[in-house]
Amino acid sequence: MHELGLVFQMAKVIEESLAGEEDITAIDTVVMEIGEISSVVPHYFEACFPAAADRCPLFAGAKLVIEKIPAVARCRSCGEEFPVVENKGYCPACGSFDKDLLSGREFNIKEVAVR
Amino acid sequence: MEFKVIEIKQGILSANDREAEGLRRELREKKTFLLNLMSSPGSGKTSTLMQTIPHLSPTLRIGVMEADIDSDVDARTVSATGAQVIQLHTGGMCHLDAEMTRQGLNELDLDALDLVILENVGNLVCPAEFDTGSVKNAVVLSVPEGDDKPLKYPLMFTVADVLLVNKIDAAACFDFDLEVFTQRVHTLRPGIPIFPISAKTGEGVEAWCNWLREQVRQWQET
């Protein structure tokens, strides 16, 4: 139940971030950024999301929006930037596997809409 | 209905990472070294402890936290070594986070301990994501699991500070190539020490224990 633990972590970060805000009665929407090759399965994260209300009542009835971030890398041999997944990790220009990942591992809380 | 959008822009694990940093600061003040021991189920974390504790207990005061989803089998086994042992139940969760680790540490008498070993839940995936507040992470990989595990679970080998290759006494029965394995590990984590051991025969355990004793000494001196 990896995703459940992450939902609780998310609730904690948001609760701490909102601690300074006044007059918040409920969280309407949480917007997450999940990288294409992060270790999180968005589907399971969605399934576990309602459990956030167990940790913090502000989450009762909240909606979840997931923005997926594509995995992009820069080849260390030729400098080409390429999408990782469709090329199975190999540079399409020169065939090298040696690369720096520019994006795709994110698992961030982008923003929340509150009322 | 009026909405207000608040930017958070934080990694989901940022709260856990802060908690873990706080824990490490407290451990440094107490001069207690926390080792996070991770592996897949059945690699031999508990039997490695059963070999390690008697080697170190003449010079170090040792506590053990056994994390399991819901059993106390390992805690019973390890308590035979005479170390202070507590059982943590993760309640269905596949890993420990820094807060759960802190709850466990609160049950131990840290002033009377040089080394606390946290035996994490057997799992090569989730525990790698959560910083427990440990000073060092040790990963046990056993020979029957195969030398390709660093390719399949790269994050676990990236967060490791030391690797134990257990069941080395059974190497003749398996196609485990230690040289290939070492290369694969060092691609992810250049230069980390790798100790082949047998928790059954005791082979290699002394070298591993010497390394750990030295780590504890350095932590206590700084």
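The values are calculated or read from the model by the stated rules, or taken from the named source; none is laboratory data. The structure displayed is predicted, hence computed values, not measured ones. Every residue, glycine among them, receives a Cβ derived from its backbone with ideal geometry; neighbour counts consider all protein chains shown.
Figures for the structure shown
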{"read-out": "Selection count, segment B:123-144, where residues are away from chain A (no Cβ under 14 Å) and of a type outside the set (S, T, N, Q)", "value": "9"}
{"read-out": "Selection within segment B:1-35 - outside any helix (DSSP H, G or I) and either more than 7 Å from every other protein chain (Cβ to nearest Cβ) or of a type in the set (Lys, Arg) (or both)", "value": "B:LYS4, B:LYS9, B:LYS31, B:THR32, B:PHE33, B:LEU34, B:LEU35"}
{"read-out": "Residue check for B:ALA75: of a type in the set (Gly, Ala, Ser), modelled with pLDDT under 90 and out of contact with any Pro (no Cβ under 6 Å at 6 or more places or on another chain)", "value": "yes"}
{"read-out": "Selection count, segment B:81-114, where residues are surrounded by 14 or more Cβ atoms within 10 Å (Cβ to Cβ), within 14 Å of chain A (Cβ to nearest Cβ) and either of a type in the set (Val, Ile, Thr) or on the phi > 0 side of the Ramachandran plot (or both)", "value": "2"}
{"read-out": "Single condition A:LEU4 does not satisfy, out of (1) of a type outside the set (Asp, Glu); (2) more than 9 Å from chain B (Cβ to nearest Cβ); (3) within 25 Å of B:ARG18 (Cα to Cα)", "value": "(2)"}
{"read-out": "From the options B:ARG184, B:ARG213, residue that is more than 25 Å from B:LEU13 (Cα to Cα), among the charged types (D, E, K, R) and within 14 Å of chain A (Cβ to nearest Cβ)", "value": "B:ARG184"}
{"read-out": "Residue, farthest from the other protein chains (Cβ to nearest Cβ), within segment B:36-57, restricted to residues that are out of contact with any Ser or Thr (no Cβ under 6 Å at 6 or more places or on another chain) and hydrophobic (A, V, I, L, M, F, W, C)", "value": "B:LEU56"}
{"read-out": "Only one of A:GLU106, A:GLU67, A:GLU81, A:GLU15 that is within 11 Å of another protein chain (Cβ to nearest Cβ), touching a residue at least 12 places away in the same chain (Cβ under 8 Å), touching a strand residue (DSSP E or B) at 6+ places or on another chain (Cβ under 7 Å) and among the acidic types (Asp, Glu)", "value": "A:GLU106"}
{"read-out": "Residues that are without any contact (Cβ under 8 Å) to a residue 40 or more places away in the chain and part of a helix (DSSP H, G or I), drawn from segment B:195-222", "value": "B:ALA207, B:ASN210, B:GLU214, B:ARG217, B:GLN218, B:GLU221"}
{"read-out": "Selection from segment A:18-32 of residues that are touching a residue at least 12 places away in the same chain (Cβ under 8 Å) and more than 9 Å from every other protein chain (Cβ to nearest Cβ)", "value": "A:THR25, A:ALA26, A:ILE27"}
{"read-out": "Test: residue in segment B:116-132 that is in contact with a Ser or Thr (Cβ under 9 Å, 6 or more places away or on another chain), more than 26 Å from B:HIS186 (Cα to Cα), modelled with pLDDT of 95 or more and surrounded by 19 or more Cβ atoms within 10 Å (Cβ to Cβ)", "value": "yes"}
{"read-out": "Helices (runs of 4 or more DSSP H) (entirely within segment B:82-194) containing at least 1 residues that are under 25 Å from B:ARG28 (Cβ atoms) and either of a type in the set (S, T, N, Q) or touching a strand residue (DSSP E or B) at 6+ places or on another chain (Cβ under 6 Å) (or both)", "value": "B:98-106, B:154-159"}
{"read-out": "Residue ID - surrounded by the most Cβ atoms within 10 Å (Cβ to Cβ), chosen from residues in segment B:133-143 that are under 12 Å from B:GLY44 (Cα atoms) and touching a helix residue (DSSP H, G or I) at 6+ places or on another chain (Cβ under 7 Å)", "value": "B:VAL139"}
{"read-out": "Among (1) outside any strand (DSSP E or B); (2) within 14 Å of B:LEU108 (Cβ to Cβ); (3) within 14 Å of chain A (Cβ to nearest Cβ) - the single one B:ALA67 does not satisfy", "value": "(1)"}
{"read-out": "Scope segment B:155-175; condition within 19 Å of the chain's Cα centre (by Cα), at negative phi and crowded, with 16+ Cβ neighbours inside 10 Å; matching residues", "value": "B:LEU155, B:MET156, B:PHE157, B:VAL159, B:ALA160, B:ASP161, B:VAL162, B:LEU163, B:LEU164, B:VAL165, B:ASN166"}
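Table: residues versus (1) in contact (Cβ under 8 Å) with a residue 60 or more places away in the chain; (2) buried (at least 23 other Cβ atoms within 10 Å of the Cβ).
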{"residue": "B:PHE33", "(1), (2)": "yes, yes"}
{"residue": "B:LEU37", "(1), (2)": "yes, yes"}
{"residue": "B:SER40", "(1), (2)": "yes, no"}
{"residue": "B:ARG61", "(1), (2)": "no, no"}
